[in-house]
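Everything on this sheet refers to the single structure shown next.
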Amino acid sequence: MAARVSRVDSSSVVVSDGGLAPFQSEGLLFSAGAELDSLQAGGEPFRRCSAKLRALSASGGATVKTELNLLLDELLSHNYSLQNSGHNITAQVTYPAQHSIHYITAQVIVDEQTLYTLVSYCTRALRTCSSWTHSEILLAVSSLVYGNGPRCQQHLPELIGPNGVLLKYGDPKQTDIELRRSSVHCLANLCLGVPGHPYLEESYKGVCYRIFLHNLQSLKPSDVEDVVFCTLLQSSLKGIQYFLNGAKWKSTPDQDLGTLLALLKKYMFYGLPGINVEMPQVLYPAPLPQYEAVPAAKAEPAQDVPAQRKTSGSRGKGKKAKAEGKTDGGPEEGDDEEPISVPVRTGGGGGAGRGEGRIGWPKTSNPLTLPLQTGAHSQFYPNWKKNSSDSEFSDPEGGMQSKLRLYQARVRQSALQCFLAVVKSVEKRVLHGYWSSFIPDAPGTGSPPSLTLLTIALKDPSPKVRAASLQVLSALLEGSRQFLSAAEDTSTPRQAFTPFSATLAASLRELHRCLLLALLAESSSQTLIQVIKCLAHLVSNVPYNRLRPGLLSPLWKQIRPYVRHRDVNVRVSSLTLFGAIVSAQAPLPEVQLLLQQPSQSMGPGTSGGATPQEQCLSWRQPVRRDREPNLPSPGGTGVDGVLEAPCWLLQLCVALVTQPRDEPYSDSDAAGSTGGALEPSPVRLEALQVLAHLVKGYFALTQTSLLELAQLSARCLREQDPSVQLHGAKLLEELGTGIIQQYRSDAIVFIHTTDNFVVQFWSEVLTGPLIGALQNDQHPTLQTSACDTLSSILPQAFSQFPDKTQVLCITILLGLTYSENSLVKAAAVRALGVYVLFPCLREDVMFVADTANAILTVLDDRFPNVRAKAAWSLGNLTDTLIVNMESVELEFQEEFSDMLLLKMLRSATRASGDKDRVKSNAVRALGNLLHFLQPAHLRKPAFQQPLEQAMRALIDTVKGDATMKVRWNACYALGNAFRNPGLPLGTASWSEEAYSALSSVVTSCKNFKVRIKSAAALSVPASRDRYGDMRQFAEVWCALAQALEHSEETEDFLEYRYCTSLRTELCHALLHLLSLCQLDDLANVQASLNSQSKAVLLGFLVHYLSDVALVSRPEDVSGEDAGDQMEPRDRLKELEQALSRLKELEGEDRVDSKSDLDTVKMFLEDVSKSCETIKAAEGLDASVTHTNSPPKFSSD
């Protein structure tokens, strides 16, 4: 933890350590004051040594330790035996030593032994020295234990044990506020943990937490200055923040989340002008905000009210009002607070016209047209000009109040930082219960609204505090999509009660309104960035498809000019927000209309040509905007030769990537400059991301600019910056994916209008720098993205490429499967898995064989992600084998290598024992391979053992505890294998195990989709002998009948949507078995048709055969099961086949089976009669409806 001293003077020291800033300790450091005067002998040498000690700097390097030792030796060598003014001489010598420890440990990394020695010295000093030195000693201890709590285990009992000195001094009952503050400071530094290192033990952390909490709950003593009490509050809040960092919240009786949140909400508004409301002591999870009472006049938070009232009352009167009205020099508080004369900031949990927490600033009639701050330029002053030392508070008339406002702002900032730590450590679903306490609800009429985070964002005079509140709001919104998905206000509102969905929707609308107000009113660039980021988080999580349109249009209009803000970070954040808008539940009709707005609306003189703060902040000249509609690239001719206006956002992003800037960079642009005259790299990268989101969500608006976007991507790939190259490749991938999706949605229209256009697009891409990116070994991430781009080529376009282009793509991908980088290897093998499905390639035996060899090599990779991609590609390759077997017949099978097929079978069997994400596709490949095997293969001895191992691997997967997706694929694979007539199904040793596994799953699996696929597999065998002996057939029949009888019993409510599909598949399987049964099987069938089961089974079969709704309800059928559905006529044929089979069995002379046959036959006849009765009733209802319809009269 190397550290440095940022500022050392006679009053304060600010130490920063690895980005974690300890607290500022005003007036606590050693100085040669009255105490030095008591050291009469050797006084001048002592003062000289003390001055040298204070002048030590870390810049001295290795000589610092030597100089320090020499100075300490000289200090100890002086004679201190003369006059003593009442203080122990040991304490007087200890006093400068404590300063030395504090000063040196803030700059030097200490080892274990040194840390032990120094802490031991300080603890002994606390026991032996006078109490007036203890605050200084504790300051040294705080520097020693900063981030070193776990390394001080031997001293923890003495410091924070039952009788620990820090607990004694940190208790709220401690009357000495300096000791109390120093002790809390030490406890906070003890709780600070360093990532990668052990944290303080939970028992000790709990003790510290209670001290922090009690200090926050305590009232300010009457004899304590407000500024000093603010530092105590800040230390306590920092302590809780360090307590929460890096750990998950554990709710205990001593750690109640509601109590902590109530305190944080209280101090979030501490000293905020105009806010004078008592917070509840505990917050509870509730859908509505808790009541906040107006306190009595003697309430504790009112210490700053007189000064504030005086300030507001004297505005415009006297010298003070004039001084406060200045905007050119900024306030005494420096960069922590804006000028008092800022215009009104309204809204936010109390928007315009809302009762509580009003500030004594000018009011505005229209909250959406707030007056803009005129003193914003003061924020660009250097920090040293605005805040150097205590001299900034030297104004005798207003200095103390300015200093108090600064410290109160720091308390609010610390409370918000602590709240941010709470949000990160507590589960989202728990925090959602407290949503109403911190997020504004709908603007109400009458009663004042509750105080929320938006109140701070709109009303706090400190830009740092406003930014902190927006950071907390962003953290609350991040990952809240599932919670916010309950919001809905599209339907007509109910009058009797307000549902939670409507309440949540109203809250979201208020969030949009308040954040838009903050966007309009904000003048600080850093805070403005947080506003825009918060809006991006909001847009990414709000279910706009469930809300009334109109939320995004005002935001869209107001954010457009910020893309031209002079601050590069503001421009990047604005583009991020545009990306969130175009990717939120795309495509949204409202966004589609906004994208189609003409680009001329961005020109000068229109509403959106400049930011609301100052039009001069627009860093592009108007002449540049005038040229934008004439940009050469993003316009052009559509696919039909008609000139179409391109999307204005596409124009803007292309211009940001390709066009030079017209003005010099601002100060913040310099760091992001990539050289030349182009935009800074962050702006260009964000513009490319917006283009990718735009193409993905609104491809129809961008397809007229395909060639221009291809040229843009090629330009990016030619640049030297790897990040720009990567984003150019990502844009190409999205373009290819969009083309494929457009083709699938309307293939006929697409072929006739854009087929040649797409071929031209990909031809330009493949003749450009994409091939070079694929061969760039120095940037594996770029190679990975380029492989993904190749896999997004439209198959119909690939078939029209020249042969050399096809061979080039295939050769590069095959070569990259041997890359040393796992990401490149995975992307290459996945692209081959896509290519093997192309119609123009799948019949090429050599390509399929080369691809198979490459996939099998990658399938043995040591990285699970690579093996998962290889297994997916192997599954696709085996799908191709099945397609070729059905279309090309024996020609392809004869040319395909037997040895390669055997190798694929063994590799897939091994992969079926891998991790679930590998196993899922490995079992799919096994099913296809077992289906593909021909009698010639099965007769070879080399295939016997691999065949049995493959079947047992599938059986074990079906019976195992893998994920439901894996088991679904295993059931599908068994059904696929059963389709091969050459397999010895019914006679092989594994047949019984396969049927038993499927029978067990169809009756007991909790997942109905797995049950559906197992029932489908049981209905695959086409002959009776493939079901095995009578006992095996009976087991399958009983399992299917039992599953149908209990098909509506499930513990998971979500499985009910698959009930219809499950019953359909079970009924089909039962009728299939009856159409194949023999006389010996009827005894077991008849036994299952007892009085109770018979009625249930009959009812389900009747519904299956007659109820059209079972077929016409697509929402009950998932995509992979949709092909298994049958029309009612085909179902009746199944019944007829079963009855025909039973009639055939009547001809066999078997007296012992006569009764069983009659029972089963009567059961099926009852099913048939019931179907006919239902059909006749439906016909009668239809005729009655037709008869009762009103008569039609001719026009004659």
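The values are calculated or read from the model by the stated rules, or taken from the named source; none is laboratory data. On a predicted model such as this, the values are computed, not experimentally measured, just so you know. So basically every Cβ, Gly included, is an ideal-geometry build from the backbone, and we count neighbours across all protein chains shown. Note: accessible area is taken over every heavy atom of the protein model, side chains too, but ligands, DNA and RNA are not part of it. Shrake-Rupley method; radii C 1.70, N 1.55, O 1.52, S 1.80 Å.
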For segment 726-860, what is the accessible area per residue in Å², given a 1.4 Å probe and the full set of protein chains? 41
How much solvent-accessible surface does Glu427 expose, in Å² to the nearest 10, with a 1.4 Å probe and all protein chains in place? 100
Reciprocal of mean inverse Cα separation for segment 1003-1104 (Kirkwood radius, Å): 13.9
Between Leu808 and Gln934, what is the FRET efficiency for a Förster distance of 25 Å, r being their Cβ-Cβ separation, to the nearest 0.05? 0.10
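Anything over 21 Å Cα to Cα? Flag those among Lys533/Lys730; Lys696/Lys804; Lys265/Lys459; Lys205/Lys248; Lys428/Lys869, in the order listed.
Table pairs above 21 Å Cα-Cα are Lys533/Lys730; Lys696/Lys804; Lys428/Lys869.
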Distance in nm between pseudo-label sites at Gln800 and Glu1148 (7 Å out along the Cβ direction from Cα): 6.1
Measure of exposure for Met964: accessible area at 1.4 Å probe, Å² rounded to 10, is 80
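Using r as the Cβ-Cβ distance of Gln153 and Ala1176, and R0 as 56 Å, what FRET efficiency do you calculate, to the nearest 0.05? Numbers along the way, then the final one.
Numbers: r = 88 Å, r/R0 = 1.57.
So the FRET efficiency works out to roughly 0.05.
If you average the sequence gap of Cα pairs under 8 Å that are 6 or more apart and divide by the length of segment 166-240, what percent do you get for the contact order?
Values: 76 pairs, mean separation 29.9, N = 75.
It rounds to 40 percent for segment 166-240.
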Pairs over 26 Å Cα to Cα, from Lys250/Lys965; Lys65/Lys168; Lys1133/Lys1169, come to Lys250/Lys965; Lys65/Lys168
HN-Hα J couplings of segment 533-547 from phi, Karplus 6.51/-1.76/1.60, θ = phi - 60°, integer Hz, Gly and Pro as x? 4, 5, 4, 5, 5, 5, 4, 6, 10, 7, x, 5, 6, 10, 10
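Determine how many Å³ per residue the convex hull of the Cα atoms of segment 530-605 encloses. Intermediate results must be reported in sequence, preceding the final value.
Values: hull volume 6.6 nm³, N = 76.
So the per-residue Cα hull volume is 87 Å³.
If eta is 0.890 mPa s and T is 25 °C, what Stokes-Einstein diffusion coefficient results for segment 894-937, Kirkwood Rh from Cα pairs, in µm²/s? Mind dumping the intermediate values first?
Numbers: Rh = 10.8 Å.
In µm²/s, the coefficient rounds to 226.
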Could you check how much of the accessible area of segment 228-272 is carbon and sulfur, as a whole percent, using a 1.4 Å probe? 50
Percent of Cα-Cα distances greater than 14 Å, calculated over segment 675-723: 59
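Give the whole-number value, in cubic angstrom per residue, of the convex hull volume spanned by the C-alpha atoms of segment 143-295.
Dividing the Cα hull volume of segment 143-295 by its residue count gives 132 Å³.
Counting other C-beta atoms within 10 Å, and keeping those with at most 14, which DSSP coil trypsin sites (Lys or Arg not before Pro) do you find in segment 1003-1056?
Numbers: sites: Lys1006, Lys1009, Arg1011, Lys1013, Arg1024, Arg1026, Arg1031; in loops: Lys1006.
Loop-located and lightly packed - Lys1006.
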The whole-number value in µm²/s of the Stokes-Einstein translational diffusion coefficient for segment 467-606, with Rh from the Kirkwood sum over alpha carbon pairs at 37 °C and 0.692 mPa s, is 207
Over segment 402-543, what per residue volume does the convex hull of the Cα atoms give, in whole Å³? 122
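Defining a contact as two alpha carbons under 8 Å apart and six or more residues distant in sequence, what relative contact order in percent does segment 711-848 show? List each step's numbers first, then the result.
Values: 141 pairs, mean separation 32.0, N = 138.
For segment 711-848, the relative contact order is 23 percent.
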Each label sits 7 Å from Cα toward the beta-carbon; between Arg47 and Val227 the label points are separated, in nm, by 2.6
